[in-house]
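Have a look at the structure below, then the notes.
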Amino acid sequence: MKRRRLLQNNDDNDPMSVVSNLFDVAMVFAVALMVALVTRFNMTEMFSKEDFTIVKNPGKENMEIITKEGENINRYTPAENQDNASGSRGKRVGIAYELENGEIIYVPE
C-alpha cells in the first residue's frame, strides 16, 4: 500500500502550478523588454547619479529639454510654455555663436 502512494504524484493534478509558471515567464519577459528598451534608446544615464541635460530635436518645433538634477527629472518644452505665458508662439530666427575670446556673433537665418 505504501509503494502505491509513493509512485503516485499528486502535484500533476494541481492546475494552479501552470498559472504560477506563466506568471514567472511573464515577469522575466517584462524585465528583459525594459532592459532592451533602455539600452536601445541610450537612456542608461537616467540610472546614474550624475546630473545631465538632454536636448531632443534641437531647433525644431517639437524640441524638448530634459534635465536631471539629483533625483528630480524635469521636462521643458519651449513651445508649450510660451503658449501658456504670453498667448503667442515663437519661432527660431537665427543662431548665436560664442567665440574663444568671449564675443557672441548672431547669424540670422
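Residue check: is ASN74 part of a loop (DSSP other than H, G, I, E, B), modelled with pLDDT of 80 or more and at negative phi?
no
Being open to solvent by less than 70 Å² (accessible area, probe 1.4 Å) and charged (D, E, K, R) is the filter here, so list the residues in the stretch 51-75 that pass it.
Within the stretch 51-75, GLU64, LYS68 meet the criteria.
Search the stretch 60-71 for residues that are assigned to a strand (DSSP E or B) and pair each with any residue that is open to solvent by less than 30 Å² (accessible area, probe 1.4 Å) when their beta-carbon atoms are under 8 Å apart and the residues are at least 6 apart or on different chains.
Final answer for the pair search is GLU64/THR77; ILE65/THR77; ILE65/PRO78.
The values are calculated or read from the model by the stated rules, or taken from the named source; none is laboratory data. Here the structure is a predicted model, which means the values were calculated and not measured. Every residue, glycine among them, receives a Cβ derived from its backbone with ideal geometry; neighbour counts consider all protein chains shown. Calculation scope for accessible area: heavy atoms of the full protein, side chains included, ligands and nucleic acids excluded. Shrake-Rupley method; radii C 1.70, N 1.55, O 1.52, S 1.80 Å.
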